[in-house]
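Step one of this worksheet: look at the structure below.
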Amino acid sequence: MKKNKGILSLILTTVFLIVLGITCVFGIGQNQTGAIKNINLGLDLAGGVSITYEVTNTDPTSEQMADTIYKLQKRVEQYSTEATVYQEGSDRINIEIPGVSDANAILEELGKPGSLEFRDESGEVVLSGTDIKTAEAATQKNQTTSATEYVVILNLNEEGTEKFAEATAANVGKTISIVYDGEVIREPVVETAITGGEAYINGMKSFEDAENLATTIRIGGLQLELEELRSNVVGAQLGNNAIETSIKAGIIGLLIVFVIMCIVYRVPGFAASIALLIYTGLVLVLINAFDITLTLPGIAGIILGIGMAVDANVIIFARVGEEIAADSSVRGALKTGFQKALSAIVDGNITTLIAALVLGLKGSGSVKGFAQTLALGIVVSMFTALVITRILVFALYAVGIKDKKFYAKGKVFGKVFDFVGKKKICFAISIGIILLGFVTMGYQASKGNGALNYSLDFKGGTATNVAFNEDYTIEEIDELIVPVVEDATGDHTVQTQKVKGTNEVIIKTKTLDLEERERLNQALVDEFEVDASLITAENISSTVSKEMRQDAIVAVLIATACMLIYIWFRFKDVRFAVSAVIALLHDVLIMLAFYAVARVSVGNTFIACMLTIVGYSINATIVIFDRIREELKTKKRNEELADVVNRSITCTLSRSIYTSITTVVMVVVLYILGVSSIKEFASPLIVGFIGGAYSSVCITGSLWYVFKSKFNKAS
């Protein structure tokens, strides 16, 4: 790059950064609120709509309720991936949708579930909504015209398959109407008998038209009919203080990261800091543009994205330092450094991206929200590291900053440490920590406390609605009301929500028996002089249903399998893949042990924390494996395999240390400044990041060495 181009690149980058900053803070054009203020926040950060339905059927079974809740969860995710659906009492279902304030509009769009029928021309019902397993919008090529057409694909259950085969065989050339809530919404013509349990409805004007019909069919496939009982606009669960402290923590954390990068990596570190600013701005703008709802799990995805953005730059600069230490010119070192770092960056990010995509497609609720922000962060981090940082570094070199001392310290790493030789000690430490976790879980379960400290999100509880005599703020509720509730119930995982426009507060606690309810009611009357007749209570189910947990587990298993296959394909050795998966499992179990021993509350953020560590772990592992792969190509004939592994880990040690420091710094600041709920979210991440750094350095390489030594003919 010539000097004039370098100056132009710096000017354009500065202008872009200013425009990006203005867009984030103030907005442009008609949107004058700015990307930051315009981001959709979840129910925990900004509140939303709470709608309660009552089942019109008499005595619904638990299976029918669970099926209806799960299908409603899938339905309301069109409004927000962070929407929650849970049971209240024996025959009520509560839906909470963040980021909206017009309950009537939601009710109108959601419609009245549970009244879908397929009727032939004589008006006879040939199929009901409960006969349909799934309904999905899709595109396909018309076999006659080759034009793209939009269709809805129906998959029927066993009983539905039999019914539809008989009905379509008797109505070839005729219409079978789709009737929703008494209104005909589509009249497709039967072209042939459908006997395989899969049907296509064509004739859609657009994909959106097909998606709307598929959604209507899904919601009409509920086993129970519901009617609206009440709807409220509820306030945030965490309050403005949580948001403000999170933003402040993010700014402070980024500044500390900038200082570390500039001290350690000098001119490249400065370039990376500017790229990181651009990364943060782009992520905020894109979250706003794609209407992604931001909650605590979403923040976890952003933090991991920042960590991976830093990681990519550290990998590059470590390589540059090695080249300069080998007496390469600065320009040659920069060029070679970016080239050699490319495979590790691409493989690490693509592996994590695979996991994010699978979690987004197969997961639900907070898992889907986490996956969206993580995938977005990965793509943007690769762009900023491989494009923005590269442009800036070469531009700074072109304008005259060419001395080697501005790009590297000189000697990159010293004596090679015998990591493989210490493998038994490291393995023993890991096994000991993991066993401690399982022993603790068993001990707590035997005492009746539960293996883990499950919150309301996982085990349900009691929702108490209280009409106070004054309108308390969220901060006042946390300071004045929550301690009274904790003292009366003995529960320290209390959740509260305000009902906007009223003095009502919804207090969610563990499941309370009659005596505990009376004690809570009396405490509220004594302390706040509320009218006891205006206190109502209902037991509620978990917001993370059994089906959602199953979805999360299946999604993680599929993601793990996909990552294993990708690593196997890229490294041409199944032992790399198996070692990576075992290391990933190791980090998850270390986190689980921390949750068990520290009795940190296991709620919605538990899933996000676990998934964050999965992403972090696999990325760190790939970096070391990439170096081992490279070192094997230049391995001397008589050189021991252990020496190759030790040298590879030592060469990447600075990357492991500095990436861990910069990532942990972000979360530590969040922990120090955050409110109690933020601390419960940040503390497991700190442990997870440290555990992930430990496993990548002390476990993964040694694991591969063991497999390579024991199974030398594997491929």
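Quick notes on this structure:
- Filtered residue count, region 573-619, keeping only those that are aliphatic (A, V, I, L, M), open to solvent by 10 Å² or more (accessible area, probe 1.4 Å) and assigned to a helix (DSSP H, G or I): 16
- Taking (1) touching a residue at least 40 places away in the same chain (Cβ under 8 Å); (2) touching a Ser or Thr at 6+ places or on another chain (Cβ under 9 Å); (3) closer than 17 Å to Leu396 by Cβ in turn, Leu254 satisfies each apart from (3).
- Only one entry in Asn212, Asn232 is part of a helix (DSSP H, G or I), farther than 30 Å from Leu20 by Cβ and open to solvent by 30 Å² or more (accessible area, probe 1.4 Å), namely Asn212.
- Counted residues, region 121-139 - those being more than 15 Å from Ala169 (Cα to Cα) and touching a residue at least 12 places away in the same chain (Cβ under 8 Å): 12
- Selection from region 430-449 of residues that are open to solvent by less than 80 Å² (accessible area, probe 1.4 Å) and of a type in the set (Val, Ile, Thr): Ile433, Ile434, Thr440
- Within region 455-489, tally of residues that are more than 32 Å from the chain's Cα centre (by Cα) and of a type in the set (S, T, N, Q): 2
- Scanning region 620-633 for residues that are touching a helix residue (DSSP H, G or I) at 6+ places or on another chain (Cβ under 9 Å) and either of a type in the set (Lys, Arg) or open to solvent by 50 Å² or more (accessible area, probe 1.4 Å) (or both) returns Arg627, Arg629, Glu630, Leu632.
- Boolean, Ile287 is among the β-branched types (Val, Ile, Thr) and at pLDDT 90 or above: no
- Filtered residues of region 118-153 (kept if of a type in the set (D, E, K, R), modelled with pLDDT under 85, farther than 20 Å from Lys205 by Cβ and open to solvent by 40 Å² or more (accessible area, probe 1.4 Å)): Lys133
- Neighbours by Cβ (under 6 Å, 6+ apart or cross-chain): first from region 347-369, within 20 Å of Gln73 (Cα to Cα); second of a type in the set (Lys, Arg) and modelled with pLDDT under 85: Gly360/Lys368
- The residue of region 306-350 that is farthest from the chain's Cα centre (by Cα), among those that are of a type in the set (S, T, N, Q) and part of a helix (DSSP H, G or I), is Thr336.
- In region 410-417, the condition of being at pLDDT 90 or above, open to solvent by less than 70 Å² (accessible area, probe 1.4 Å) and either touching a Phe, Trp or Tyr at 6+ places or on another chain (Cβ under 9 Å) or of a type in the set (A, V, I, L, M) (or both) is met by no residue.
- The set of residues in region 113-153 that are assigned to a strand (DSSP E or B) and more than 40 Å from the chain's Cα centre (by Cα) comprises Arg119, Val125, Val126.
- Scanning region 161-174 for residues that are under 12 Å from Glu121 (Cα atoms) and open to solvent by 30 Å² or more (accessible area, probe 1.4 Å) yields Ala170, Val172, Gly173, Lys174.
- Filter result for Phe417 (outside any helix (DSSP H, G or I), over 30 Å from Leu534 (Cβ atoms), in contact (Cβ under 8 Å) with a residue 12 or more places away in the chain and not polar (S, T, N, Q)): yes
- Sole residue being touching a residue at least 60 places away in the same chain (Cβ under 8 Å), farther than 25 Å from Thr621 by Cα and open to solvent by less than 10 Å² (accessible area, probe 1.4 Å), chosen from Ile287, Ile274: Ile287
- Counting only helices (runs of 4 or more DSSP H) that fall entirely inside region 450-556 and contain at least 2 residues that are open to solvent by 30 Å² or more (accessible area, probe 1.4 Å), the qualifying elements are 482-489, 514-528.
- Ile431 vs. criteria in a helix (DSSP H, G or I) and modelled with pLDDT of 90 or more: yes
- Among the residues making up region 205-240, those that are at pLDDT below 70 and out of contact with any helix residue (DSSP H, G or I) (no Cβ under 6 Å at 6 or more places or on another chain) are Gly235, Asn240.
- Set Leu452, Leu396: member being over 30 Å from Thr652 (Cβ atoms) and either at pLDDT 90 or above or within 32 Å of the chain's Cα centre (by Cα) (or both): Leu452
- Condition check for Ile618: under 21 Å from the mean Cα position of the chain (by Cα) and more than 21 Å from Ile316 (Cα to Cα): no
The values are calculated or read from the model by the stated rules, or taken from the named source; none is laboratory data. Being a predicted model, the structure only gives us computed values, none of them experimental. Using ideal geometry, Cβ is built from the backbone for each residue, glycine included, and neighbour counts are taken over all protein chains shown. Only protein heavy atoms, including side chains, enter the accessible area calculation; ligands, DNA and RNA are left aside. Shrake-Rupley method; radii C 1.70, N 1.55, O 1.52, S 1.80 Å.
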